Amino acid sequence: MPRMPPSVGGALVVGVGDPMKGTLIDGRQSRQDVSTLREIANRLGGEYHDGNLKHVPTATLRSLGSLKVSAEKQQLTLREYALFAIALASFLLASLPLILYLLTDRKKLSP
């Protein structure tokens, strides 16, 4: 089995299905083989979990890794300010007919 790239922090192999009775999938017998799944998890540098016995613990899922976002407030970049300005200008342009209608003197428009 090839080595995992350095960008992969961990692996979780979850076994689901009946280890005693196989299921026919696409003309082939498929059965959960615990020893093979454990070996795959070891070779991948991860861990094996039997999904039939219990749910995957939350701590295990958290340890798999996710994007680390710092708790500090993110600074807006020039791109975000430009997008905000475009959105505001678009809103004002779209609402301009309504604003003009409300501001006009309706008495002058009547014959």
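Could you tell me whether the stretch 87-103 includes any residue that is assigned to a loop (DSSP other than H, G, I, E, B), open to solvent by 60 Å² or more (accessible area, probe 1.4 Å) and aliphatic (A, V, I, L, M)?
Start the filter on the stretch 87-103 by keeping residues that are assigned to a loop (DSSP other than H, G, I, E, B), which leaves none.
Checked against the condition, which is being assigned to a loop (DSSP other than H, G, I, E, B), open to solvent by 60 Å² or more (accessible area, probe 1.4 Å) and aliphatic (A, V, I, L, M), the stretch 87-103 yields no hits at all.
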Looking at the stretch 1-49, which of the residues that are open to solvent by 80 Å² or more (accessible area, probe 1.4 Å) and hydrophobic (A, V, I, L, M, F, W, C) is farthest from the chain's Cα centre (by Cα)? Met20
Residue pairs qualifying under the 7 Å Cβ cut-off, at least six apart or on distinct chains, with the first in the stretch 4-19 being within 23 Å of Ser35 (Cα to Cα) and the second being among the β-branched types (Val, Ile, Thr) and open to solvent by 60 Å² or more (accessible area, probe 1.4 Å), are Gly17/Thr23
Cβ-Cβ below 8 Å, separation at least six or inter-chain, first residue in the stretch 49-78 and assigned to a loop (DSSP other than H, G, I, E, B), second open to solvent by 90 Å² or more (accessible area, probe 1.4 Å) and at pLDDT 75 or above: which pairs? Gly51/Val16; Asn52/Val16
Please indicate, with yes or no, whether at least one residue in the stretch 59-82 is surrounded by 13 or more Cβ atoms within 10 Å (Cβ to Cβ) and touching a Ser or Thr at 6+ places or on another chain (Cβ under 9 Å). no
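The values are calculated or read from the model by the stated rules, or taken from the named source; none is laboratory data. From a predicted model like this one, the values you see are computed outputs, not experimental measurements. With ideal geometry, Cβ positions are generated from the backbone for all residues, glycine too; neighbour counts draw on all protein chains shown. Accessible surface is based on the protein model in full, side chains and every heavy atom, while ligands, DNA and RNA are left aside. Shrake-Rupley method; radii C 1.70, N 1.55, O 1.52, S 1.80 Å.
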